[in-house]
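Heads up, the thing below is written out as C-alpha cells.
Just so you know, all these numbers are worked out from the coordinates, no wet-lab data involved. From a predicted model like this one, the values you see are computed outputs, not experimental measurements. Every residue, glycine as well, gets a Cβ built from its backbone with ideal geometry; the counts of neighbours run over all protein chains shown.
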Amino acid sequence: MIFSRRIKTRAQRIVLALAMSGGVAFAGEAQVAAPPATRESLVSARLGINLAGVTYWTTEHPFANLALHASRWRTQPFGKPFTWDAALPPMTDDNYPKEVPQGAAIESFLLGTSARGHLPKELVVLYDGKGRLNYTFGARLKQREPGRDLIADLGVQVVETDPADPVRNIRLYEPNVAADPPTFRKAFLDHWAGMSALRFMDWMDTNNSKVRHWAERPRKANFTQAEGGVALEYMVELSNVQKTAPWFCIPHLADDDYVRRFAEQVKRELDPSLPVYVEYSNEVWNGMFEQARYAAQMGRELGLSSNAFEAQLRYYSQRTTEVLKIWEEVFADQKARVIGVYATQAANPWTSTTVLVWKDARRYADVLAVAPYFGNALGDPERQEDVAGWSVDQVMQVLAREVETGNRQMIEAQAEVARATGVRLIAYEGGQHLAGHGGAENNPRLEQLFLAANRHPKMKEIYLSHLRNWQAAGGDLYVLYSSMGPYSKWGSWGLLETEQQAPSTAPKWEAVQQFMRQTAPLPGQTGG
C-alpha cells in the first residue's frame, strides 16, 4: 500500500479539526448495523481485522473506561488561545500532573468525537487523589462528590492537585458502572467476534516508531492509551477475551532485549491455545516510512547488495529472522504457536522472492504476507480531472473489472511465490484503496466520488468477488483494513464509520459478514 499510511496520518489531523468544530458528518446514524456473525455461525472464514488506532477523536471506542481514549495533557493558560505548545509541569510516572501552574489548567480531551450516538449523554468521571477537575468545551458538571463527577460532554481540566496525593487514575464510564467494570465495551467485542486474527499495527503506533528499549513501551497505568500506543497487557487481554490470535508488529528500532521481554510477556499472559503472528514493523518495503528508510540505511551499511532496494529488503528479511529466532527461543517448548510473518509489496512478486530466499528466512518463515488492495490507481493526481468527472457507477464498473483482472492476477502471482517457497499466503491488509494522493486528495469532486463509492451497494459484491478470488487462488488468512473510522478525503478505510451506522451505508461490513457466514474453507485451511 503505497499511499495509505500517509493518508491516515494526515487523516487524523483533519478529522481532529472537524471533530473539535463539531463538523464531522457521518452517514446513517439513525439505524444500527446488521448484527455481526457469531463464532457459532462461522464455518472457517479465515478473516482478520486491523483494529483502528486508539485516538480521542475516534468513532470506535474499545475500552469501557472511555478515558483510555483521551488526548495527551496540555497546559492551557487562562484567557489565552488554545495551544498544544505550553510546557507541562512535572508529571507522575503514570503521566498525571504533580502540580498545576498558576494561571493555567492541565487539560485533556477525554472524547473529541461528535459521533457519540452510541454513548449516553451523561457520563461518570472517577478519580483518585486530592484536587479539583473542571469540564470544558461545552461540558457541564451535573453532580459532584469526592472522587466522582457526573458530567455531560467531555473536556476535562485539572485545576487543583495535591502534590502529596495528586489527582490520578481518571476514569470515564457510562452511568451505573459496575464496581469491577470490564475492560472492553460489549459492542466493540461483538463487532469483531469470529475474526481469526487481530492485527495491532495501529494500536502499537508502529509506523515511524521511536521505541528502542523495553522501558519505553506504553504502560497499562498511563493516563490514556491514545498517545504512543496501547499497552501490551490490553492487547493480550483482548485476544484472550475474543479467543483470537494476536498479530504484533515489533518496532523497527527495538533492540533484542525489547523483543525478548515482549515475547516473554506474551507467553506468560496469552491463552496457550492461541497462536501469535509476529511481524517486524510494517511495510518496511515502503519508502514513505521511517522504518523503510532505516532498513535501506542498514542494508547499505552492511553491504547487503549493490542494489539499494535489494539491500533494504535483505536487511528487512535478516532482521525479521533475528526477531523470530528470539521468539522461538522464548517459545522453545511451543514453537508451533509462533507464526513468522515476512511481508512484502503485493504488486511486486520480486520483493517476495528476495525476502524469502535471503539467508535463514525459509527456516523461520511461516507466511508470506501482502496487501492486495484495489482501486488505488484512481487516486493518481495525473488522472484526477478525468476520474472526478465519472459517475459513481463508472467507478464501480472499473473496480469490478480490476478485481477480476489485474488484482486477481496480482494475487495469483503472489500465491505462486508462496507455493514455490513452501509458505502460506496471507493478507496483512487489504480492501478498497480509493483515496486521492499527491495533491489529488484536495479535489473535492474526487473526494465526494470516492465517499459515494464506499457507500454504494455495489461495493458489497465487489468485496465478495475479491475475497472469493483470494480464496480461489489459495490465499489463507485475509486481515482487512480496517475496523471503524470516519471517511474523509484521506480515505474511507473502515468497514464501518460508526457503531450506529445504517446497514444500507455499510456495504463493506455487510460483505464481510456474508463471507464469514457462507464461505467454507479450502482443503488444508485451518484457524492458525
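With a cut-off of 13 Å, note down the residues of the stretch 363-399 whose backbone N falls inside the zone around a label point 7 Å from the Cα of Arg445 toward its beta carbon. Label zone hits: 383-392.
For the chain, the longest principal axis of the C-alpha atoms and the axis of helix 406-421 are separated by about 80°. Calculate the all-directions average of the projected area of the stretch 433-528's alpha-carbon convex hull, and give it in nm². Over all viewing directions, the stretch 433-528 projects a mean Cα-hull area of 7.2 nm². A Förster distance of 41 Å, applied to the separation of the beta-carbon atoms of Glu174 and Arg362, puts the FRET efficiency at 0.20. Here the Debye sum runs over all C-alpha atoms of the chain as equal scatterers in vacuum, and log10 of I(q)/I(0) at q = 0.08, 0.10 Å⁻¹ comes out as -0.52, -0.82. Of Thr244, Thr83, the sequence from fewest to most neighbouring Cβ atoms within 10 angstrom is Thr83, Thr244. With 20 Å as the limit on Cα-Cα distance, the pairs of Lys267/Lys325; Lys267/Lys359; Lys121/Lys186; Lys186/Lys508 that go past it are Lys267/Lys359; Lys186/Lys508.
The region of the chain that goes longest without hitting one of the chymotrypsin sites (Phe, Trp or Tyr not before Pro) in a DSSP loop, each with at most 11 other Cβ atoms within 10 Å, is 85-528. So how tilted is helix 256-269 from the main axis of the chain? Cα-based, degrees 0 to 90, rounded to 10. Tilt of helix 256-269: around 80 degrees.
Considering only alpha-carbon pairs that sit under 8 angstrom and 6 or more positions apart, the relative contact order computed for the stretch 68-173 is 29 percent.
The calculated Kirkwood hydrodynamic radius for the stretch 236-334 is 14.4 Å, given to one decimal from all distinct C-alpha pairs. Fewest neighbouring Cβ atoms within 10 Å first, the residues Val423, Val158 line up as Val423, Val158. Computed from Cα atoms, the angle from the helix 392-404 axis to the main principal axis of the chain rounds to 50 degrees. Charged side chains reduced to their Cβ positions (Lys and Arg at +1, Asp and Glu at -1) give the chain a dipole of some 180 debye around its Cα centre. Short to long, the 10 Å bins of the Cα pair-distance histogram for the stretch 68-173 hold 15, 50, 31, 4 percent of all pairs. Taking the fewest neighbouring Cβ atoms within 10 Å as the starting point, the ordered list for Val355, Val159, Val370, Val338 is Val159, Val338, Val355, Val370. Annotation for Ser504 and Ala332: the two label points, set 7 Å from Cα along the Cα-Cβ direction, are 6.2 nm apart.
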